[in-house]
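Peer 1: The structure's right below; bear with me while I get my questions together.
What follows is calculated from the coordinates using simple rules that are stated; it is not laboratory data. What you see is a predicted model, and the numbers here were worked out from it, not measured in a lab. Positions of Cβ are backbone-derived with ideal geometry, glycine not excepted, and every protein chain shown enters the neighbour counts.
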Amino acid sequence: MLLAVPATAILLPIRLNENGRFIALFLFSLLLVLVIGLRHEVGGDWSTYLEHQLLIEKLPLAAAAAFGDPGYYVFSWISGRLGGGIYLTNTFCAIIFTLGVFCFSKSQPLPWVALFVAIPYLVIVVAMGYTRQSAAIGLALIGLTYLQRGQILKFVACIILGALFHKTAVVLLPIAGLTATKGRFWNALWVFAMLAIAGSQLLLGQLNSLWGLYVAGGMTSEGGNIRIFMNLIPATLYLLFYKAMRLELQVQRLWYWMALTSIACFCLVFLSSTLADRISLYFLPIQMFVFTHIYVILKSPLERAALLVAILGYYFLVQWVWLTMANHSSYWIPYQIIWN
């Protein structure tokens, strides 16, 4: 159903004015919030998150904030005090995530294509499974929307807020310094200074445990190689065709570095597939960006139609393969909502 809505919007020859497009996108985003936030026993980490929620509700606020990622666990504590439990916590994270997807998709030439591309993995797997990281990714998407406009400070603020939900979000901070087009030295200097400060506060105490978990411990992420390869395809396409896209310099540099980092994540697989998989989640937007911009550079209506059919077929196939063949997809099936 979630794939069918944007697919229908792509294929139907209905032309809406700007207000109509905004309302349609908003209503679909509201549907995403409800489906993600009010899910019941859906996602591979459901039992872990539920266990944490029940534990956090019994702690003082200071202890809840110190439990782990403070943005997530403080709201878990508030949700417990309000009687909302894990459902209110999930809905809060769903709002942040969906707001990011909405803002980013709306900034693309074909918003419904960007939304369609996001559904199979970013929405269904990440938002319904990795709750904390999905909130961080939502804030990262808002930040990337700002960074495309050259608003570096707002991007940095979004990433630091995202790191309060999942510390790994700080990996995106260097992108701001690398993409600056004016005052590049000073921009890079203060962005890397912010990275050092944020990293030391959020990650330093856990570097040993993270290294032991993801690298030394040999933890593997099943299917991670395939998911990272899905970023590798649009990253390669961007490096081949970015000049033809005729993007503003700020936008061009941003996605140039996002493409290179996506390729680097593919190389990181040989060190730790799980670490590469978790980092590559922040670069999933490259699929949403590239596939909508490739459409723009095609001139022939037949070529554009063929591309849309290829995108629809590809992501329907991705969804079908994951649902039927992934080892852990059973944790998402059947989908249940709170009032089931």
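Peer 1: Taking the alpha-carbon centroid of each part, what is the distance from the range 70-113 to the range 125-166 in angstrom?
Peer 2: 11
Peer 1: Here's another thing I want to ask about it. Based on the alpha carbons, how large is the Rg to Rh ratio for the range 91-141 when Rh follows Kirkwood?
Peer 2: Result: Rg/Rh = 0.95.
Peer 1: Right, something else. What number do you get for the range 258-340 when its Cα radius of gyration is normalised by 2.2 N^0.38 Å, N = residues?
Peer 2: Computed over Cα atoms of the range 258-340, the ratio equals 1.43.
Peer 1: Continuing with the same structure: ³J(HN,Hα) across the range 249-257 via Karplus (A = 6.51, B = -1.76, C = 1.60, θ = phi - 60°), whole Hz, x for Gly/Pro?
Peer 2: Once θ is set to phi - 60°, the couplings for the range 249-257 become 4, 4, 5, 4, 5, 4, 7, 5, 6 Hz.
Peer 1: If you project the alpha carbons of the range 1-134 onto the principal axes, what extent comes out on each, in Å, largest first?
Peer 2: Taking max minus min along each principal axis of the Cα atoms, the range 1-134 gives 55, 26, 21 Å.
Peer 1: Same structure again: Among Lys299, Lys243, Lys167, Lys106, what is the fewest-to-most ranking by other Cβ atoms within 10 Å? Let's see the in-between values first.
Peer 2: Working: Lys299 7, Lys243 10, Lys167 22, Lys106 16.
If I rank by nearby Cβ atoms, fewest first, I get Lys299, Lys243, Lys106, Lys167.
Peer 1: Would you order Trp257, Trp77 from fewest to most other beta-carbon atoms within 10 Å of each residue's own beta-carbon?
Peer 2: Ranked by crowding around the Cβ, least crowded first: Trp257, Trp77.
Peer 1: Rank by packing, highest mean first: peptides 302-313, 228-239, 89-100, with packing defined as the count of other Cβ atoms within 10 Å averaged across residues.
Peer 2: Numbers: 302-313: 13.7, 228-239: 19.2, 89-100: 23.7.
So the order, starting with the most tightly packed, is 89-100, 228-239, 302-313.
Peer 1: Ok, one more. Of Leu275, Ile286, Ala305, whose Cα points farthest to the positive end of the dipole of the range 228-316 (charges on the beta-carbon: +1 Lys, Arg; -1 Asp, Glu; origin at the Cα centre)?
Peer 2: Ala305
Peer 1: What nm distance separates the two modelled labels at Leu27 and Leu11, each placed 7 Å from Cα along Cα→Cβ?
Peer 2: Calculated label separation equals 1.9 nm.
Peer 1: Still on this model: Provide the gained length on full extension for the span Asn225 to Arg246, in nm with one decimal, where the gain is 0.36 nm per separating residue minus the Cα-Cα distance.
Peer 2: Extra length from Asn225 to Arg246 when fully extended: 4.4 nm.
Peer 1: Averaged over all directions, how much area does the convex hull of the C-alpha atoms of the range 73-160 cover when projected, in nm²? The partial results should precede the final answer.
Peer 2: Details: hull surface 23.5 nm².
Result: 5.9 nm².
Peer 1: What is the fewest-to-most order of Trp255, Trp112 by other Cβ atoms lying within 10 Å of their Cβ? Don't skip to the end; give the middle numbers.
Peer 2: On the way: Trp255 26, Trp112 22.
Ranked by crowding around the Cβ, least crowded first: Trp112, Trp255.
Peer 1: OK, next. Testing the spin-label approximation: label points 7 Å from Cα along Cα→Cβ at Val309 and Gln151. State their distance in nm.
Peer 2: It is 4.0 nm.
Peer 1: Here's a follow-up. With a Förster radius of 30 Å, plug the Cβ-Cβ distance of Leu59 and Tyr87 into 1/(1 + (r/R0)^6) and report the FRET value to the nearest 0.05.
Peer 2: 0.95
Peer 1: Next up: If you take the Cα Rg of the range 71-116 and divide it by 2.2 N^0.38 Å, with N the number of residues, what do you get?
Peer 2: For the range 71-116, the normalised Cα radius of gyration comes out at 1.51.
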